[in-house]
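Worksheet: one structure, shown below.
Derivation of every value follows stated rules applied to the coordinates shown; laboratory data play no part. Not measured: the values here are computed from a predicted model. For neighbour counting, all protein chains shown are included, and Cβ atoms are generated from backbone atoms with ideal geometry for every residue, glycine included.
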Amino acid sequence: MDPGVKCGIVVFPGSNCDHDVYHVLGHVLEQETLFLWHQKTSLEGCELIVLPGGFSYGDYLRAGSMAAHSPIMAAVRRHAEAGGRVLGICNGFQMLLEAGLLPGAMRRNRDLRFLSVDVHLRVERDDLVYCSGYRRGEVLRMPIAHAEGNYVDTDEALDDLERSGQVVFRYVDSEGNLASGANLNGSKRSIAGVCSAEGNVLGLMPHPERCAEDLLGNGDGLALLAGAVQAGGGAELTAAVGG
Amino acid sequence: MTASGSLAGEPAVDAGLASEHGLTTEEYGGLRDLLGRVPTYTELGIASALYSEHCSYKSSKIHLRRFPTRSRRVVHGPGENAGVVDIGHGWVAAFKMESHNHPSFIEPYQGAATGVGGILRDVFTMGARPIACLDSLRFGDIDGERGARMRHLVDGVVRGIGDYGNCVGIPTVGGETGFHSSYNGNILVNAFALGVCRRERIFTAVASGAGNPILYAGSRTGRDGIHGATMASEAFDSESEAKRPTVQVGDPFTEKVLLEASLEAMRSGVVLGVQDMGAAGLTSSCFEMAARGGAGVEIDLDLVPLREASLTPYEIMLSESQERMVFVTQRGQEGTVVSILSRWGLQARTIGRVTDDGRARLTFRGRTVADMPVEPLVDGAPVYDRPARPPADLARRQEDVRPEAPDDPLGALKGLLGTPELGDKEWIFRQYDSTVRSNTIVGPGSDAAVLRLKGTPSALALTSDVNPSYCWLDPRLGGRQAVAEAVRNLATVGAEPVGMTNCLNFGSPENPEIAWQLRECISGMADACRAFDVPVISGNVSLYNETEGEAVRPTPTVAMVGVIDELMELGVEGELNRLLGCGFWRAGDRVLLLGRSGDEFGGSAYQRLLYGVEAGRPPSVDLGAEAALCALLRRARRSGWLSGCHDLAEGGLIVALAECAMAWGLGMRGSFDGGPLSLFSEGQGRAIVTASPARVDDVLSSAEAAGVAASDIGEVGGDRILLGFDGGVVDSPVDELRAVWTEALPRAVG
């Protein structure tokens, strides 16, 4: 593998996708990868920070709400504000919302049940490092597994989000069309993933780390993680397209 | 015993109180003789838990001895928290299945959740990291007004399993769900978990080395679950609702951190023995660990962390509060365990020490509240050879009821696909995370789940099976069939069976007809295990599943684990998930039927679900023919000849073909040499396989060499299923069948 970036996966006591992300970053993509314990205050020089899926501190209150106040999150915030890469998957996305590093909030899924299924996603931006392996409009298949993935915000905020191009993935049908039946958790505007205004922080509910190997029948998620570890610092936008 | 006698507020112990604790006059007399005095209230509680069927297997032990328990792969057989088998490349798998039937009926959400929690702890106390769960569920009638409570139970059980397993992060990759009115008063919730670890890292639950400290770790002890084990060993009556406080309350987050902390503590090198506090809580963990080590224990109950200070010694010993563990460490090394647990936010505290006098001595506020010999109570629990006799109406049950041939086979097919029993179970398993840990190649809804084993070229296959109607009509045949079907399901993905666990769910063994069912089912299972060379490495017995004299159908759930040594021999990497599933996915493939088709309708889905007839002799099981078929399937898989495989089970050939077509929405066109009725026959030892035309001759000639009947019955392709038979044709768009099939369960559960 080409030299990439040093990766840090934050481990909360209830993280349960930490090993899965480690497997893809460390073994499949062969990157230098560390686990970062939630009580640490330093990111140990990691350039890509992953907040993995799971149930951080049990999430009996609201998913990710306590994790947003954990010791390591101050360092993650500084890293994000300095333009560093932060990727939140599932519970990690919920934490980024709770920490205010991404806009919006999560409610319980529309039918109030946990949802573990494969969904289709449409790539809305291909000018982020994370999406450099995809083309805009491309349809991906990824698993979701969550009870609180129903993305919500005010209409004005959602309009702003759309205008500034921060919607990165949407739930669609297999043809790439928006459809209520394809938006299983009931997210506003079928939003599955959003990024920060600068594009360096990305959060999404689906699990790219669970579909990053052909052996498992689906490799659609590999490009996202491969993009996230691409060498190159500073500006997160790979093309000269404004954010 | 020096300071005995009752504490303030404790009832006086006599034969009447013992009887209320579920002890017979003889058992109570034996206890008094053993102690040489009247037991204390705490001692009576302890004995009642240890003598319960749940802990002592007193009514089943005599039959369980028939199971083969050894093979070259078995590392630990029955008797540990979970059985352990060698799966190659230096790895072992620890697995077990357990019931949580009684608690789940009383309080479905917590009952099912803590069932998952308990089985996960059984696996990780062996030092193995859990990587997969299966759940085998049986419910009663869910239709109409009468089914309202049952729908509530289905919902609660599924949520309970999901919320617990999802939070801990263990994928639920398969299982089964059935419905029958015999479960109206007693549902069955059987949870299976499997973990893996390096062979040299296996731990056992042994207390050894006099003077070594005993540590209590995890959640505090509360009043929940007191007498759970005893409750689980009794039949229900109209007052069962009052037993709700005997159901434990689960906390999956604590389980998750306890799992991580325990595995880390076990890796630290200072831990000698580990045991979780499951059924009968601190009682069984202390007594069983001491018994295995031939040691004794001294516990100061004042040191046990409590949720409320007012708990009595009796309550402390019998509480089934969840997410608790006991560690025995080297003397002076307890600090290592305490600091590991504290890093994970958990408390660990020394509550006693190992002794060498073989007694369990418990003190509370300076008084000895129990002083009992360990070994006689654990291993010397009563063993009963209960009287057994065939049911009085057996002959009538087995009377052959000749089924009517369907006027409209397509209608009959849709009728079957539209029942909750045969309908799509996605409504259930989409509530379970099935892909976490990123090993799942084939998940729920297939013959066998397939998980890759990271760092090796191998994969594991898992299945759970039983047909309660067959077992009711002929328990010996039913027991045999359950094992044979499990072996066949593993063979469909090319896996060699390496071990089995089971959950034997029956009514009261004090009823001779039930005792007979139990004995016969076990005999049938044991015969089949020997024939297939599959050891039984762990298991669980759940008796007294009856309410006001109405017992559940005999349900000896089998969960079996298989190994695929070289996954890449089976096919191309990117296609494995499809070709190991049981669906048509490649147009142009030929569809072959393997195995001999005879007319078998006793206990069949066709008779039961369409005509309400549950009678006759269940399908015969020719163990030799089954073994030949399974060997052929494994060979064809390893040779990379097959693009898919599905075993024929409930509903027969036509249901199996429909399931293959609905999987990916791709149809087939073909013909079958038999009448309309035989489409629904449940003759055993059969499977459908698909292969590219170039591989058909390989499969057919291997089948001939193996003595397995084989015929080419059609071709995969198109969006219809079109199957000609003697005198007609079944012809339907796959989408139409799919609609009926997918809506069946969601509609039924409302």
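Between the helical axis of B:334-343 and the longest alpha-carbon principal axis of chain B there is an angle of about 50 degrees.
Per residue of B:567-573, other chain Cβ atoms within 10 Å of the residue Cβ number 1 on average. In straight Cα distance, which aspartates and glutamates are under 16 Å from B:Lys414, not counting same-chain residues fewer than 8 positions off? Answer for B:Lys414, where 16 Å is the Cα cut-off: B:Asp424, B:Glu650, B:Glu659, B:Asp731, B:Asp735, B:Glu736, B:Glu743, listed by chain and number.
Taking label positions 7 Å along the Cα-Cβ direction at both B:Ser208 and B:Asp33, the computed distance is 3.3 nm, reported to one decimal.
For segment A:7-240, the Cβ-based charge dipole about the Cα centre amounts to some 460 debye (Lys, Arg positive; Asp, Glu negative; other atoms uncharged). Among the residues of B:343-350, the average count of other protein chain beta-carbon atoms within 10 Å of the residue beta-carbon is 1.
A DSSP coil position with no more than 16 other Cβ atoms inside 10 Å describes the following trypsin sites (Lys or Arg not before Pro) in segment B:149-222: B:Arg220. Annotation: amide H of B:Gly178 within the under-5 Å range of B:Leu137, B:Arg138, B:Phe139, sequence separation 5 or more or interchain, hydrogens built in the peptide plane. Taking the charge dipole of the protein assembly as shown about its Cα centre, with +1 at Lys and Arg Cβ atoms and -1 at Asp and Glu Cβ atoms, the residue from A:His23, B:Val189, B:Val442 reaching farthest to the positive side is A:His23. Take every pair of alpha-carbon atoms less than 8 Å apart whose residues are at least six positions apart; their mean separation over the length of segment A:7-240 yields a relative contact order of 20 percent. Here is the list for segment A:144-176: GluC sites (Glu not before Pro) lying in DSSP coil, each with at most 11 other C-beta atoms within 10 angstrom of its C-beta, are A:Glu175.
When DSSP beta bridges are restricted to pairs lying wholly in chain B, around 80% turn out antiparallel.
Computed per residue of chain B from DSSP H runs no shorter than four, each worth -39500 (n - 2.57), the mean residue ellipticity at 222 nm is -10000 deg cm²/dmol. The helix-only estimate of mean residue ellipticity at 222 nm for chain A, built from DSSP H runs of length n ≥ 4 each weighted as -39500 (n - 2.57), is -4500 deg cm²/dmol after division by the residue total. Pairs of Cα atoms nearer than 8 Å and 6+ residues apart set the relative contact order; for segment B:552-629 it is 18 percent.
Simple point charges give the picture: +1 on the Cβ of Lys and Arg, -1 on the Cβ of Asp and Glu, and for chain B a dipole about the Cα centre of about 2040 debye. Proximity of backbone amide H atoms, modeled 1.01 Å from N, is registered between B:Ala210 and no other residue at under 5 Å, excluding neighbours fewer than 5 places apart on the same chain. Given the options A:Ser174, A:Ile144, A:Gly8, identify the residue whose Cα lies farthest towards the positive end of the charge dipole of segment A:7-240 (+1 on Cβ of Lys, Arg; -1 on Cβ of Asp, Glu). Of A:Ser174, A:Ile144, A:Gly8, it is A:Ile144.
Here B:Lys61 is the anchor, and the lysines within straight C-alpha reach of less than 30 Å, apart from those fewer than 8 places off in the same chain, are B:Lys96, B:Lys243. Under a model in which nothing but the beta-carbon of Lys, Arg (+1) and Asp, Glu (-1) is charged, the protein assembly as shown shows a dipole of about 1820 debye around its Cα centre. Within segment B:614-658, whose backbone N sits under 18 Å from a point 7 Å along Cα→Cβ of B:Asp726? Correct set: B:653-654. Using a cutoff of 8 angstrom between alpha carbon atoms and counting only pairs six or more residues apart, the relative contact order for chain B works out to 15 percent. Can you tell which of A:Leu202, A:Leu225, A:Leu215 shows the greatest fluctuation in a Gaussian network model of chain A with Cα springs below 10 Å? Looking only at A:Leu202, A:Leu225, A:Leu215, the biggest GNM fluctuation is shown by A:Leu215. Placing +1 on the Cβ of each Lys and Arg and -1 on the Cβ of each Asp and Glu in the protein assembly as shown, which of B:His227, B:Val168, B:Gln333 has its Cα farthest towards the positive end of the resulting dipole? Working it through, the farthest residue towards the positive pole turns out to be B:Gln333.
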